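The block underneath contains the structure these notes are about, expressed in C-alpha cells.
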Amino acid sequence: MQIFHPGDSGYDDERSGFQTSLKHEPQVIFAVESAQDVEEALRYAETHGLDHTVQATGHGLTTPATGVLISTRRMNEVHVDPVTRIARAGAGAVWQQVIDKAAPHGLAPLSGDASDVGVVGYTLGGGYSVLAREFGFAKDRVRTTEKVGDVVTALEFELLEVGQVHSGEMHFDARHAEAVFDAFHRWDLPDHVTTSLTTISFPGHDIVRLTYASTRPFSVDHLRVAPRLTDELSAKPFGQAVGAPLPPHTYQGDNVLLNDLPLDVLHRVRETAANSSVPIFLGLVPLGGALKIDATHLLKLISPRLHVREQHEEVFDVVRPFVVGKSQNFVYAVG
C-alpha cells in the first residue's frame, strides 16, 4: 500500500477521478490494495478524528474529501465462475473488466451504458442496466457484500446468460424534437425493452438521441418520425451494446423519479431545459418491466459545468407534482 500526503509525488494523480472540477483535498490518501489496508486506513481516520471518503473511479463525486481518502482503484480483481455464473469484483473494478471476463462464457453483468464506471459504486446506487426493464436492478443480483467497517471491499453477484443483444440508437436534429418526443411518449413499450431519450449538444449542433436494447427482437419503426442523422438497430455481443468510455470532464447532474409524466408536461420539461441560461442535457428513462419500483419514469439532467443547481431546479419544478424520489446513480457534483 502507498500513502500520500499533500506535496508528495503521485498525490495529485491519486486524488483525481472522472470528475475534473471537484478536487479532493485530503490530509492523507491510502492507496489500498487489500481489506487489511482498508482496515489500517479506517483505524488511522478514527485515531486522528478524521472523516473518510472512498473513491475508485470518481464518477459520482459529490463532496470532496478533506480528511482521509481511501483510493480503491488497485483493488480491481475480477473473477468469473462460469459454472455458478457468479462474478466477484473488488472495490476498484470497473464494468469493462467484468464484461471482458464474462463474455467468453456467454455471460454478461447488469452493467450500465458506461463501461468505465466502478462496479461497487454503481451497484450500491441501485444499478440501472442497459437491460434494466428486462432483468431489473443490478443490486438485486448481489449475492455477497464484503466489508471492512462501512467500506465495501468486494461484491459477488449473478451474471446472466446473454448471447446477442438487439440494440441501437437514432439521432435527430433538435428541430425535430417535438415530433420525436411525441413518438417516444406514445410508444407502447414492451416490458423487455430498455430505452432512453436524451438531448445532447455538440459544438454547432443539437441532437435528440434515442437508445434501446433487449435480448429479444423488437420494432422501432414508429420512432422514425423525421429524418435521422443516424439510425441503427442490430444484434451484437453485449459488450458492443454498452457505450464507449468518455474522457474525464466537468459536469453536474441530478435526477427525479416520477409516478406519471403527461405529454404536455414532458414538452414543458423539454422547452424549459432548451431555454435555460445554461446548457442542460435531459435524459428520460421509462421504468417498469422488471424494475420493481413505485415510479414510471426517471428524469435526469446534466450540464457540462458546475453551479447549475438553480437552473436544474427550474426544470424539476415543471414535474414537481409527480416526483416520488430520486436515484443515487445519477447524482453528480451535488453535495
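The values are calculated or read from the model by the stated rules, or taken from the named source; none is laboratory data. Because the structure is predicted, anything quoted here is derived from the model rather than measured. Here Cβ is always computed from backbone atoms with ideal geometry, including for glycine, and neighbour counts include all displayed protein chains. These area figures cover heavy atoms from the full protein model, side chains too; ligands, DNA and RNA do not enter into them. Shrake-Rupley method; radii C 1.70, N 1.55, O 1.52, S 1.80 Å.
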Do the sum for the chain: with -39,500 (n - 2.57) for every DSSP H run of n ≥ 4, divided by all residues, what is the mean residue ellipticity at 222 nm, to the nearest 500 deg cm²/dmol? -5500 deg cm²/dmol
Let me know the charge dipole size of the chain about its Cα centre in debye, to the nearest 20, where only the beta-carbon of Lys, Arg (+1) and Asp, Glu (-1) is charged. 460 debye
So which DSSP H runs in the chain come out at 24 Å plus along the axis (Cα) with average Kyte-Doolittle of at least 0.5? none
Which of the lysines could a cross-linker span from Lys236 if the Cα-Cα distance has to be under 21 Å and same-chain partners fewer than 8 positions apart are dropped? Lys101
For region 254-302, what relative contact order do you get, as a whole percent, if you take Cα pairs closer than 8 Å and at least 6 residues apart? 52 percent
Accessible area of His52, 1.4 Å probe, to the nearest 10 Å²? 70 Å²
Principal axis lengths of region 87-158 from Cα atoms, whole Å, largest first? 34, 24, 21
First compute the accessible area of region 118-251 with a 1.4 Å probe, then give the percent of it belonging to carbon and sulfur atoms. 50 percent
Along the Cα→Cβ direction, 7 angstrom out, place labels at Asn259 and Leu306. What is the inter-label distance in nm? 3.6 nm
Rank His59, His205, His105 by mean-square fluctuation in a GNM of the chain with C-alpha springs under 10 angstrom and give only the top-ranked residue. His205
7 Å from Cα along Cα→Cβ at both Ile200 and Leu246: what's the point-to-point distance in nm? 0.8 nm
Measure out, as a whole number of angstrom, how far apart the alpha-carbon centroids of region 199-234 and region 259-310 sit. 18 Å
Taking the Cα centre of region 27-115 as origin, work out the dipole magnitude from +1 charges on Lys and Arg Cβ and -1 charges on Asp and Glu Cβ, in debye rounded to 20. 220 debye
For region 180-335, accessible area per residue (1.4 Å probe, heavy atoms of protein chains only), Å²: 47 Å²
Out of Arg15, Arg305, Arg73, a Gaussian network model of the chain with alpha-carbon springs under 10 Å gives the largest mean-square fluctuation to Arg305
How big is the charge dipole of region 162-268 about its Cα centre, in debye rounded to the nearest 20, if each Lys and Arg gets +1 on its Cβ and each Asp and Glu gets -1 on its Cβ? 260 debye
Sorted by packing (mean other beta-carbon atoms within 10 Å per residue), highest first, where do 262-268, 180-186 land? 180-186, 262-268
Along the positive direction of the dipole of the chain (beta-carbon charges: Lys, Arg +1; Asp, Glu -1; about the Cα centre), which of Val165, Val94, Gly121 reaches farthest? Val165
Can you pull the Rg over Rh of region 160-315, Cα-only, Kirkwood? 0.95
Using Cα-only point scatterers and the Debye equation, what is log10 of I(q)/I(0) for region 199-253 at each q in 0.14, 0.21 Å⁻¹, rounded to two decimals? -0.58, -1.09
Placing each pseudo-label 7 Å from Cα in the direction of the beta carbon, Glu161 and Gln36 end up separated by a distance in nanometres of 4.1 nm
Give me the accessible area per residue for region 33-133, probe 1.4 Å, as a whole number in Å². 41 Å²
Sorted from largest down, what three extents in whole angstroms do the Cα atoms of the chain have along their principal axes? 61, 50, 36
